[in-house]
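Inspection log for the structure reproduced underneath, given as structure tokens.
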Amino acid sequence: MLKKRTIGSLGLEASPLGAGVMRLEEIRDLFSPEAFELVDFAMSQGINYFDTAYFYNSGRSEEFLRRALVEKYPRDSFIIADKLPIWQCADRKEMERIFDIQMERLGVEYIDVYLLHALQKEIWKRIYNLGVLDFLDEMKRQGRIRYVGFSFHDNADVLPMIVDAYDWDIAQLQINYYDWIVHDVKQSYEFLRERSIPIIVMEPVGGGRLAKLPEEVESIFKALNPENSIPSLAIRFCASLPGVEIVLAGMRTKAEFIDNTSCFAPFVPLSKEEYAALEKGVKIIQNSGAIPCSACRYCTGDCPSGIDIPHIFQQYNDYKMFNRPISLTWAYFDMNPPSRRADKCVNCGHCTRICPQGIDVPEQLMLVHERAVLLAVFGKNADVDKMLDGSRDKTVIFFGAGAFGKTVLSYAIKREIPVEYFCDNGKELWGTEVEGIKVISPEQLKQQYDTSDAWVLITNQHAHSAIKKQLEAVGIASAN
């Protein structure tokens, strides 16, 4: 059972571990009995701080809390933190309209902690000029908001203009040991500490990316604490920082609730040896080349191509961090519809503007797609570039004119590799054109291979082995 703590001078008694509702739906429907049971379990363990937002879970998160908390427990037994989606507010009336919707969804007379959501420099300037601070003052005066804060998603040098503009009660900051060491989150933390603003930590496990690490890193951590989970080290890192009042975690299962709660019962600050192990582990993770996506999913709602960006980045990270090529061969091509793969990005820039990690999303999507194509075609061959460059002086033929063949063709066009023919076992395709490239039969391929310096690449992902044997039977050596 977690012991409550009083946050700063606010008089707000909260559990040191908070529950984020957003991730409850990742492995189940939000309104399933299991999800409601998890909230009950959280309350039984002493967790009384619940975090939500206007658009979480496709706008259903607030209603879920009404049914899971508000309608079942005394109002003073839990704390609800909600957020104003400032990027959607064109004027004061829109702020009021959204706030009224939130109050109705939650079924409450007041919101305990109300945050301006995902503050960044340009958004802050715009919302400030629209009178958002007057709006917050009015809601506090009416008793509809108890405490006001903001969640921050920008560089440390932006913080002063925000902090100096208002008498904030609380600030929500993304802190985890990876960002602490690699990015400037430490500077943001120290600035808030100087101003004596209580801190709530979000993404302590990096949105889950620090829950499963390369084997080399996990072995380093386990050598110090063989009985403790990998995520518990991340939770304890954040909770060890002075001024951090609540560590907010997106727990999805009862086991995760138990594991995270155990970090505080009792709480043991990190040792010097553990800090040293974290630094060593981060260096290894950095060298893996993983994309620092926290799977917050802010980027997915308005993607015109409907790309599941966090899902694709996770597939790439599984490949990079755990040396699992299958994550970018079978998983990428079979689990992402062709119309929603990374190469369908139209480079609108919305995802990059809203990304809390500052990721150049279109650039990384193209990186993922090209790496997926190369892995699927060539495997781990280290001489891919040399092979591709060497194909320019030959007659290039792709064996496989299906969807994957078209994908590889797009990459070849980008690399300015001239493809003369497609070959395919499908008789109905012989003599036709696919993406402007003539399709020939295997017999025609044999003739072409015998009379020219041909370079044959198998571009049928699932029948690769069968086609390779087919070619070898007639004396044709494929390039892959």
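The values are calculated or read from the model by the stated rules, or taken from the named source; none is laboratory data. Source: prediction; values computed, not measured. We place every Cβ from the backbone using ideal geometry, glycine too, and count neighbours over all the protein chains shown.
Quick rundown of the values:
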| quantity | calculated |
| --- | --- |
| Filtered residues of region 1-41 (kept if farther than 15 Å from THR253 by Cβ, over 24 Å from the mean Cα position of the chain (by Cα) and either of a type outside the set (A, V, I, L, M, F, W, C) or loosely packed, with under 14 Cβ neighbours inside 10 Å (or both)) | MET1, LYS3, LYS4, ARG5, THR6, GLY8, SER9, GLY11, GLU13, SER15, PRO16 |
| Within region 2-11, tally of residues that are more than 20 Å from CYS238 (Cα to Cα) and touching a residue at least 24 places away in the same chain (Cβ under 8 Å) | 1 |
| Per-region count, region 156-182, residues assigned to a loop (DSSP other than H, G, I, E, B), touching a residue at least 60 places away in the same chain (Cβ under 8 Å) and not charged (D, E, K, R) | 2 |
| Selection count where residues are assigned to a strand (DSSP E or B) and either without any contact (Cβ under 8 Å) to a residue 12 or more places away in the chain or closer than 14 Å to GLY208 by Cα (or both), scope region 248-281 | 2 |
| All helices (runs of 4 or more DSSP H) inside region 304-365 with 3 or more residues being out of contact with any Ser or Thr (no Cβ under 7 Å at 6 or more places or on another chain), closer than 21 Å to GLU203 by Cα and outside the structural domain of GLN461 (by TED's automatic domain parsing) | 309-322, 350-354 |
| Test: residue in region 149-161 that is in the same structural domain as TYR54 (by TED's automatic domain parsing), closer than 29 Å to ILE291 by Cβ, modelled with pLDDT of 95 or more and surrounded by fewer than 20 Cβ atoms within 10 Å (Cβ to Cβ) | no |
| Matching residues in region 31-49 - criterion: being within 26 Å of ALA265 (Cα to Cα) and either touching a helix residue (DSSP H, G or I) at 6+ places or on another chain (Cβ under 6 Å) or assigned to a helix (DSSP H, G or I) (or both) | GLU34, ALA35, PHE36, GLU37, LEU38, VAL39, ASP40, PHE41, ALA42, MET43, SER44, GLN45 |
| Output for region 297-347, where each listed residue is crowded, with 18+ Cβ neighbours inside 10 Å, of a type in the set (Phe, Trp, Tyr) and touching a residue at least 60 places away in the same chain (Cβ under 8 Å) | TYR298, PHE333 |
| Qualifying residues in region 356-365 (those that are modelled with pLDDT of 90 or more and not polar (S, T, N, Q)) - the one surrounded by the most Cβ atoms within 10 Å (Cβ to Cβ) | VAL361 |
| Lone qualifier among ARG126, ARG92, ARG146 - being at pLDDT 95 or above, basic (Lys, Arg), more than 18 Å from TYR298 (Cα to Cα) and out of contact with any helix residue (DSSP H, G or I) (no Cβ under 7 Å at 6 or more places or on another chain) | ARG146 |
| Answer residue from region 407-427, given it is at pLDDT 85 or above and touching a Leu at 6+ places or on another chain (Cβ under 7 Å) and is surrounded by the most Cβ atoms within 10 Å (Cβ to Cβ) among those | CYS423 |
| Residues of region 84-111 that turn out to be within 26 Å of VAL158 (Cα to Cα) and not in a helix (DSSP H, G or I), as a count | 5 |
